[in-house]
1. Name the residue, out of Ala52, Ala81, Ala4, that is surrounded by 13 or more Cβ atoms within 10 Å (Cβ to Cβ) and either touching a Leu at 6+ places or on another chain (Cβ under 7 Å) or on the phi > 0 side of the Ramachandran plot (or both).
2. Name the residue that is surrounded by the fewest Cβ atoms within 10 Å (Cβ to Cβ), counting only residues in region 262-273 that are over 13 Å from Arg249 (Cα atoms) and under 60 Å from the mean Cα position of the chain (by Cα).
3. Would you point out which residue out of Asp42, Asp68 is surrounded by fewer than 18 Cβ atoms within 10 Å (Cβ to Cβ) and at pLDDT 95 or above?
4. Is it true that Thr47 is among the β-branched types (Val, Ile, Thr) and under 26 Å from Leu134 (Cβ atoms)?
5. Could you list all residues from region 9-33 that are touching a helix residue (DSSP H, G or I) at 6+ places or on another chain (Cβ under 6 Å) and more than 20 Å from Tyr85 (Cβ to Cβ)?
6. Of the residues Asp46, Asp42, Asp68, Asp33, which single one is without any contact (Cβ under 8 Å) to a residue 12 or more places away in the chain and among the charged types (D, E, K, R)?
7. So, of the residues in region 55-65 that are surrounded by 11 or more Cβ atoms within 10 Å (Cβ to Cβ) and of a type in the set (A, V, I, L, M), which turns out to be farthest from Glu220 (Cα to Cα)?
8. State all residues of region 55-68 that are under 20 Å from the mean Cα position of the chain (by Cα) and either in a helix (DSSP H, G or I) or not hydrophobic (A, V, I, L, M, F, W, C) (or both); if no residue qualifies, say none.
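The values are calculated or read from the model by the stated rules, or taken from the named source; none is laboratory data. Predicted model only: the values in this text are computed from it and were never measured. Cβ atoms come from the backbone with ideal geometry, glycine included; neighbour counts cover every protein chain shown.
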Amino acid sequence: MYEAEDKMINLISDNYNILESLGRFGINMGFGDKTVREVCEDQHVDTYTFLAVVNYSINGYRSVVDTDRISVPTLLHYLKASHEYYLDFQLPYNRMALKEALDEDDSLARLILKMYDAYAHEIRMHMKYEEYHLFPYVDSLINNTANDDYNIETFSKHHNQVTQRLRELKNIIIKYLPSNNKRNNQLSRVLFDLYKNEEWLGQHAEVEDHIFTPAIRKLERKQKQNDVSVKISQMISKGQDAQEALSDREKEVIVSLVQGMSNKEIADHLFISTNTVITHRRNIARKLQIHSPAGLTIYAIVNNLVDISSVKL
């Protein structure tokens, strides 16, 4: 397993496929003999997230990923950059190479190009869905602005690998496409790239399924916990605000009610009219949204208007 104190150049020497990941993490070359940690810190990339992706998807080390240590912004940047690379460079480049390797006068060759275009369209739709729905949702989670209209389970249920068309395309080229020596060399090169594409798509799906999705689930749980905490704080704040909004006379009325006095007894005790007591009780109920004697008793105890020992329970 690659570790933070390994030299980055040694990782690449051991597995050159890591080169493709560097740019997607935003890591530029020219890092000399620095360790993975030093390179990541210099270029503002989370070290643990980089190693988790590289070890799991490229190095094939199926260790348990600690989702608490995953940097979702770093991982999201990696996935967005991966889409950009594949859609804007790899798909057009492969089509151009395939077209050059084919005899356009051959009807079978034209069908193969159509098959490639169908495969490219499927990949594009698959990734565009994530860019239009999943990635903005994750951005909103990071910024604590997500709503309940979408969640990672919606994505996970519909996420599947889109490599079937690619396999069919490769098999047809190998089995049925006639070619001379020159075209055979060109087609061999194209096939090699298509096999690499299939491998890359598999790794990409593994990162989304086994690292990204669990990390987002964890982020969703944290946000729900935060939402609950915020709501509790708001309830407490509202209760405090309500208490502050009560007048001293209204607090005296509450204390009297809790002690079991009737409206007339409260009026005599506070030297006010019975109608004034009734008006105070209406205002108290409106401000606190508490209408029962039991509720007012609890409110009075919690807000230190009366001592629990003086209350008949």
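1. Ala4
2. The residue in question is Ser262.
3. Result: Asp42 is the single residue among Asp42, Asp68 that is surrounded by fewer than 18 Cβ atoms within 10 Å (Cβ to Cβ) and at pLDDT 95 or above.
4. Criteria met by Thr47.
5. Phe31
6. Asp42
7. Ile58
8. Within region 55-68, Tyr56, Ser57, Asp66, Thr67, Asp68 qualify.
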